1. Going by the conditions given, is Val38 assigned to a helix (DSSP H, G or I) and at pLDDT below 65?
2. Condition first: over 21 Å from Val85 (Cα atoms) and surrounded by 18 or more Cβ atoms within 10 Å (Cβ to Cβ). Now tell me which residues in the range 171-203 satisfy that.
3. All but one of (1) modelled with pLDDT of 90 or more; (2) surrounded by 19 or more Cβ atoms within 10 Å (Cβ to Cβ) hold for Ala140, so report the exception by its number.
4. Out of the range 102-124, which residues are crowded, with 17+ Cβ neighbours inside 10 Å, part of a loop (DSSP other than H, G, I, E, B) and modelled with pLDDT of 65 or more?
Amino acid sequence: MRIIRLLLCISIITLTIGCEANSSLNNSSIVDSNNSLVENNNNSVAVYNDIISKIDTATYDEIDWLSSEPTGGVIVYDRYKYQDVDNDGMDELFIIRKYVNTEKTIFNSINSFDSLSDLNNYAIRNGFISESYKIIDDKAEWLLVDNEPARTEAFGGGHFGTYYFLLNNGKIAKFYNSYWNETLVIYNNLEKETIITFDGDMETGKWEWNVDGMRASKNKVKNIIEQNMKN
């Protein structure tokens, strides 16, 4: 009877050690899965490298792309960057371009601004998302934000368009405007976190700031911008 009990105790101890070992392996796997799969998964690297090898590095004239006003500015390729913006453990690929103006008329300070367009001009000078991709089933697909590809598209020969920016805290910002509205949406994990608008009244010509649908002061907007956009 004592022998049986002894064998039973040994079996329980062995089983316990085995479970702890399996637990350690599982924890190790979890840690590994939180690392960048772009760095660890050869298939992902190969897919992204194929895109990187085909990046159009040509320089674009500002006319017919960002604005109809010739200011001596051009769009240049800046860099590509890996970043996990949706926290799924796999890096997304961002192609970054920037606006280079040979004249000093463009807004270039984040500390003082009169509109969201000013901030947009500041941001495009520091680099905007030209294209972005995500690995889905070992294939590179467009990174979607609100079911639309996160890529900057400005109307040829016009002042309006949609611009995307990779913020310094891993979030993404989207800017778009019309004659009487300017909107900046900040996304966290690809979900809307903050919506800032600068709205004009066609009849009075007055403009006001709003954050998430509530009227806000310019200082509040400035604080939000500084927390998210400052390089």
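1. yes
2. Selection gives Asn177, Glu182, Thr197, Phe198.
3. (2)
4. Ile110, Phe113
The values are calculated or read from the model by the stated rules, or taken from the named source; none is laboratory data. Source: prediction; values computed, not measured. Methodologically, a virtual Cβ is constructed for each residue, glycine included, from the backbone with ideal geometry; neighbour enumeration extends over all protein chains shown.
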